[in-house]
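Input: a single structure, listed below in structure tokens.
The values are calculated or read from the model by the stated rules, or taken from the named source; none is laboratory data. Keep in mind the model is a prediction, meaning the values are calculated, not measured. Cβ placement follows ideal geometry from the backbone for every residue including glycine, while neighbour counts extend to all protein chains displayed. Side chains included, ligands, DNA and RNA excluded: accessible areas come from the protein's heavy atoms. Shrake-Rupley method; radii C 1.70, N 1.55, O 1.52, S 1.80 Å.
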Amino acid sequence: MAKRILLFFLIFSALPVIATTQQIIDKFVSDPDFIPSSIGICITDVKTGETIASYNERQAVIPASTIKVITTATALRLYRPSFCLYTTVGHTGTIDETGTLHGDLVIHGGGDPSLGSAYRSRHTENFIDQIMQRALSNHIKSIEGRIVVDNSLFDEPSISPKWMVEDIAWDYGTGCHAFSYKDNRIEINLRYNGKSYDVTGVNPPNRFVVETSLTKGEKENIIVKCENNRYTISGTIPKRKDRYRLYLSIARPDSLFITDLQEKFQTVGIEVKNSNLGQLPETTWFHYPSDYLGDIVHSLNVRSDNLYAESVLRLLSLSDHEKGSAEKGIDIIRKYWQNYEADSLELFMYDGSGLARNNKVSAKYLNCVLKETARDSLIGEYFVQTLPLAGKEGSVATFMKHGELPGELRLKSGSMSDVHAYAGYYTTPQNRYAIVVMINNYTCTRAQLKQKISTLLTQVLSKKE
């Protein structure tokens, strides 16, 4: 009998020890690289609501761009994917028999971030072309007044006061206006001449003055100063780069549009005299639709577009207010998700994009948004598909590219200095799981951190197959 017991013990002890989910989590968070870290983890079964893995799920940590999940999910639930924003075009005064418009050409911004965008479904010049066609069909030969862009639908400020000053010079920190145009950005192409960098191209062309004193250095350290339409750029560009491209923000996209439209008018002989004619009755020409909100959200989430996110945040406030603002949009979000399990005490939100380091949210709050949105019978499946496919798209194109998980992993990533996070879904033929992993203040490299998170997700989710 003793021999049998000994044999059983030897066989059992030779079997591999299968770690529980909690043991996997405990091992992950005890990594020496996470000693100073704030970590939030929450993985749930969407159908049952069961939490299958968690750690500090109620601690609010910096989410970076994963906060876009809250902005976009709320927008689709309130407005639905087929919703459009409209930019309204018309004129004040009257058009006489000689073709003179005794008034202003007026454009009312409707909050469309995709107007003239490089990422929209229509050609970037489509909006201006439609204005041209309407002016010609009305036989307009001259405009006595001005071209006026109305930005009043959105309250100021256009830029979050919580954003860092060094961010707002770049395209990802551009201001959000009721009238946005061509992504509110300027593209500058540079080439090394042996001593410094020459400007080889600016887009839009012939609109801005760019002066540079850039040289080669160990890393990118670029200082940008902008006054009106003049950019002064100094600092260093990494040594290995002979060609470089910069994307900077435009403070006045309405001014760029007016210049573009006036130039277009000149090609057909329409003169704009820019007289101030005061208040006159207004006639509407047409309402120009944005891309569908669903397409805007998909583009936003895959590319992690901050301008799109800030515009969508202000759109949320229009569901309950005449004018949009970031503050009102955040208030709408708080009130909306209070109807579910999301505790507003676990949300510190100052923008819709995640650029503000003051943003903090718990993994549980973010997971609740994911879980409840996936359950929505009208837009749940649609929203899931707006998130980039890991290993294939967007900022997660290389993450878990050669992973072992057989299901579909869709994740919105978020990153800034000392911050890395993921929020999204893992879907198998039988189940769907909502995933949130957020880590602040790690001491390893970002590449090493990604590998650690990849291992964690593989170990936890493979147990649910």
Restricting attention to the range 354-372, and to residues there that are assigned to a loop (DSSP other than H, G, I, E, B) and open to solvent by less than 10 Å² (accessible area, probe 1.4 Å), which single residue is farthest from G110 (Cα to Cα)?
N359
Just name the residue that is nearest to the chain's Cα centre (by Cα) out of those in the range 205-217 that are exposed (fewer than 15 other Cβ atoms within 10 Å of the Cβ) and assigned to a loop (DSSP other than H, G, I, E, B).
P205
What's the total number of residues in the range 302-323 that are touching a strand residue (DSSP E or B) at 6+ places or on another chain (Cβ under 6 Å) and either β-branched (V, I, T) or surrounded by 24 or more Cβ atoms within 10 Å (Cβ to Cβ) (or both)?
1
Answer with yes or no whether E404 is in contact (Cβ under 8 Å) with a residue 60 or more places away in the chain and acidic (D, E).
no
Just to check your reading of the model, which residue among T458, T428, T398 is among the polar types (S, T, N, Q), within 28 Å of P36 (Cβ to Cβ), out of contact with any helix residue (DSSP H, G or I) (no Cβ under 7 Å at 6 or more places or on another chain) and open to solvent by less than 30 Å² (accessible area, probe 1.4 Å)?
T458
Can you tell me which residue among D418, D351 is among the acidic types (D, E), open to solvent by 60 Å² or more (accessible area, probe 1.4 Å) and more than 23 Å from V46 (Cα to Cα)?
D418
Hey, among the residues in the range 252-270 that are of a type outside the set (S, T, N, Q) and open to solvent by 70 Å² or more (accessible area, probe 1.4 Å), which one's nearest to T174 (Cα to Cα)?
R252
Selected residue (only one of V202, V224 is out of contact with any Lys or Arg (no Cβ under 9 Å at 6 or more places or on another chain), under 28 Å from S121 (Cα atoms) and in a strand (DSSP E or B)):
V202
Run L136 past the list (1) at negative phi; (2) part of a loop (DSSP other than H, G, I, E, B); (3) open to solvent by 70 Å² or more (accessible area, probe 1.4 Å) and report the number of the one that doesn't hold.
(2)
Give the range 271-286 a look and list any residue that's farther than 22 Å from N126 by Cα and open to solvent by 80 Å² or more (accessible area, probe 1.4 Å), or say none.
K273, N274, N276, Q279, P281, E282
Given the residues R252, R314, which is the only one that is free of Cβ contacts under 8 Å to residues at least 60 places away in the same chain and basic (K, R)?
R252
Within the group E156, E144, which residue is open to solvent by 50 Å² or more (accessible area, probe 1.4 Å), modelled with pLDDT under 95 and of a type outside the set (G, A, S)?
E156
Taking the range 235-274, which residues are in a loop (DSSP other than H, G, I, E, B) and touching a Phe, Trp or Tyr at 6+ places or on another chain (Cβ under 9 Å)?
K241, D242, I250
Might you let me know whether the range 413-433 holds any residue that is in contact with a Pro (Cβ under 9 Å, 6 or more places away or on another chain) and within 19 Å of Y336 (Cβ to Cβ)?
yes
So which pairs qualify, if the first residue must be in the range 436-456 and within 22 Å of K68 (Cβ to Cβ), the second must be acidic (D, E) and crowded, with 20+ Cβ neighbours inside 10 Å, the Cβ gap must be under 6 Å, and the two must be at least 6 apart or on different chains?
none
Inspect all residues belonging to the range 89-101 and state whether any of them is over 24 Å from D376 (Cβ atoms) and under 22 Å from the mean Cα position of the chain (by Cα).
no
I want to confirm something. Restricting to the range 98-122 and keeping residues that are charged (D, E, K, R) and surrounded by fewer than 24 Cβ atoms within 10 Å (Cβ to Cβ), which single residue is farthest from L316 (Cα to Cα)?
R122
Turns out the helices (runs of 4 or more DSSP H) fully within the range 1-89 with at least 1 residues that are modelled with pLDDT of 95 or more and open to solvent by 60 Å² or more (accessible area, probe 1.4 Å) are 21-29, 68-79
For a quick check of your reading of the model, give me the residue pairs whose first member lies in the range 333-351 and is under 26 Å from C176 (Cα atoms), whose second is open to solvent by less than 30 Å² (accessible area, probe 1.4 Å) and of a type in the set (D, E), with beta-carbon atoms closer than 7 Å and at least 6 apart or on different chains.
D351/E310
Reported set for the range 159-196 where residues are in a loop (DSSP other than H, G, I, E, B), open to solvent by 20 Å² or more (accessible area, probe 1.4 Å), touching a Phe, Trp or Tyr at 6+ places or on another chain (Cβ under 9 Å) and within 11 Å of L307 (Cα to Cα) is H177
